[in-house]
Amino acid sequence: MSRQPIDDNNYAIPILPLKAAGGQKVSIAAASARSTAVTTQAVTLHANCNCYVEIGDSTVVASTSTSHYLPELQTYDVSTGIQFGSPGTKYVAVIRADTQDGTLYISERN
C-alpha cells in the first residue's frame, strides 16, 4: 500500500511528504558552508541567491567550478544518494555563485 496521497480518481500522487522537524537553513557566502546531517533519500533545495551545491559525506565542500548550480528562487527535489532501506547520513554544502549572500533552505522528504 502506498503512503502517497491520492487524487479524485484514486491514483497515487507521486510526492514524498516533508519529514517532521526536517527543515534547515544554511547561510550562503563566499566560503563553502555545510548543513547538519540529512538522513532521508530526497531533499528539496531552495535558495534566495545564485549558488552551487554539493551532496556528500561530513567533509563535503561546494565549489564554484565543479558543484551543481542552483539559480536563485528555484526549487529542486534531489536524491541524497542514501539507499532505500539502509541507514545513511549525507550533508549539503553550498557556496555563492556571485557577490550576493543568501540562504539555502533544505527540506528533508520521507
Completion exercise
Counting only residues in segment 1-57 that are open to solvent by 80 Å² or more (accessible area, probe 1.4 Å) and assigned to a strand (DSSP E or B), the one nearest to Val94 (Cα to Cα) is identified as Arg34
Completion exercise
Filtering segment 69-87 down to residues that are part of a loop (DSSP other than H, G, I, E, B) and surrounded by 15 or more Cβ atoms within 10 Å (Cβ to Cβ) yields Glu72, Thr80, Ile82
Practice task
For segment 71-92, indicate whether the set of residues that are out of contact with any Pro (no Cβ under 6 Å at 6 or more places or on another chain), within 16 Å of Ala33 (Cβ to Cβ) and in contact (Cβ under 8 Å) with a residue 60 or more places away in the chain is non-empty.
Solution key: yes
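The values are calculated or read from the model by the stated rules, or taken from the named source; none is laboratory data. None of the values given here were measured: they were computed from a predicted structure. Using ideal geometry, Cβ is built from the backbone for each residue, glycine included, and neighbour counts are taken over all protein chains shown. Heavy atoms of the whole protein, side chains included, go into the accessibility calculation; ligands, DNA and RNA do not. Shrake-Rupley method; radii C 1.70, N 1.55, O 1.52, S 1.80 Å.
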